[in-house]
Amino acid sequence: FLTDDVATQIGTMALLPQVVDAVKVPVIAAGAITDARGIVAAFALGASAVQIGTAYMFCPEAKIATPHRQVLKDARNHPTAITNLFTGRPARSFVNRVVREVGPLSDLAPQFPLAGGALMPLRAKSEPLGSGDFMSLWSGQAAALAREMPAGELTTTLIAEAKALTKRLG
């Protein structure tokens with residue numbers, strides 16, 4: 001984030017070709033890439049590589065809290081928002097109780113890196129009860145496209161699907 005005004009920030013697919021045209025180094029695309037379509041689109045827009053985040057949170061190897069995993073599994077029914085409540089800086093999370101009640105972006109959030117500590121007592125009490133009300137529930141906007149499978153299998157599947165799609169598109 002180059003500015004605190006998240007309303008002016010450009011999405012990955014619009015930003016990517018602009019960065020590729022402006023620099024002479026390899027560009028790694030990241031953000032809202034969860035399936036083969038996103039991978040192929042990023043390469044078509046000039047990316048040298050693709051970094052995938054949220055899709056790997058569905059893998060059993062991901063060490064995320066149970067409430068977070070539960071929300072991910074039902075991603076289609078849970079909105080996300082950019083919030084500063086958990087870190088003091090903008091990041092995308094599923095909307096939970098604290099985001100709803102305080103508002104996703106709040107001047108009340110302590111500055112980075114103190115914000116996480118401010119919510120720790122509430123998280124410590126609620127998480128063992130199965131609640132994600134006071135924890136960061138990080139997720140990209142394309143979480144609903146992700147699939148639950150081991151990380152190695154996911155990697156192999158995404159590569160095969162991206163190759164097949166590239167071949168089909170010619």
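Residue by residue, what Karplus-based ³J(HN,Hα) values in Hz, rounded to whole numbers, does the range 148-155 have, using 6.51, -1.76 and 1.60 with θ = phi - 60° and x for Gly and Pro?
8, 6, x, 4, x, 5, 4, 4
Would you mind computing Rg(Cα) / (2.2 N^0.38 Å) for the chain, counting N as its residues? Could the numbers behind the result be given before it?
Working: Rg = 17.5 Å, N = 170, 2.2 N^0.38 = 15.5 Å.
Output field value: 1.13.
Would you please give the FRET efficiency between L114 and A44, computed as 1/(1 + (r/R0)^6) with r the Cβ-Cβ distance and R0 = 41 Å, to the nearest 0.05?
On the way: r = 41 Å, r/R0 = 1.01.
After rounding, the FRET efficiency stands at 0.50.
Could you tell me the accessible area of V19 in Å² (1.4 Å probe, neighbours in place), rounded to the nearest ten?
Its heavy atoms expose roughly 50 Å² to the probe.
So, R0 is 25 Å and r is the distance between the beta-carbons of D21 and L169; what FRET efficiency does that work out to, to 0.05?
0.65
Could you work out what % of the accessible surface of the range 17-170 is carbon and sulfur, using a 1.4 angstrom probe and leaving DNA, RNA and ligands out of the count?
59
Apply 1/(1 + (r/R0)^6) to the Cβ-Cβ distance of N77 and A7, taking R0 = 25 Å, and write down the FRET efficiency to the nearest 0.05.
Details: r = 25 Å, r/R0 = 1.01.
My answer for the efficiency is 0.50.
Which ³J(HN,Hα) values, rounded to whole Hz and listed in residue order, are derived for the range 39-56 from phi using the Karplus coefficients 6.51, -1.76 and 1.60 in 6.51 cos²θ - 1.76 cosθ + 1.60 with θ = phi - 60°, glycine and proline given as x?
Couplings: 4, 5, 4, 4, 5, 5, 8, x, 5, 8, 7, 10, 10, 10, x, 4, 4, 7 Hz.
Kindly report, to the nearest 10 Å², the accessible surface of R37 as traced by a 1.4 Å probe over protein heavy atoms only.
140
With every protein chain left in place, what is the accessible area per residue of the range 8-100 in square angstrom, probe 1.4 Å?
Counting only protein heavy atoms, the per-residue value for the range 8-100 is 52 Å².
With every protein chain in place, what's the accessible area of E61 (1.4 Å probe, Å², nearest 10)?
Solvent-accessible area, nearest 10 Å²: 90 Å².
³J(HN,Hα) across the range 88-94 via Karplus (A = 6.51, B = -1.76, C = 1.60, θ = phi - 60°), whole Hz, x for Gly/Pro?
Each residue of the range 88-94 in turn: x, 10, x, 7, 8, 9, 5 Hz.
Under a plain spin-label model, where a point goes 7 Å from the Cα along Cα-to-Cβ, how far apart in nm are A30 and T157?
Each label point lies 7 Å from its Cα, and together they span 2.4 nm.
Which far-off residues, 5 or more places away or on another chain, put their amide H under 5 Å from the one on I33, with H placed in the peptide plane?
Distant-sequence amide H within range of I33: G53.
Under 12 Å from the 7 Å Cα→Cβ point of R100, by amide nitrogen: which residues of the range 117-144?
Counting backbone N atoms under 12 Å from the label point, the list is 132-134.
The values are calculated or read from the model by the stated rules, or taken from the named source; none is laboratory data. Note that this is a predicted model, so its numbers are computed, not measured. Every residue, glycine as well, gets a Cβ built from its backbone with ideal geometry; the counts of neighbours run over all protein chains shown. Quick note on the areas: whole protein, heavy atoms, side chains included, nothing else; ligands and nucleic acids left out. Shrake-Rupley method; radii C 1.70, N 1.55, O 1.52, S 1.80 Å.
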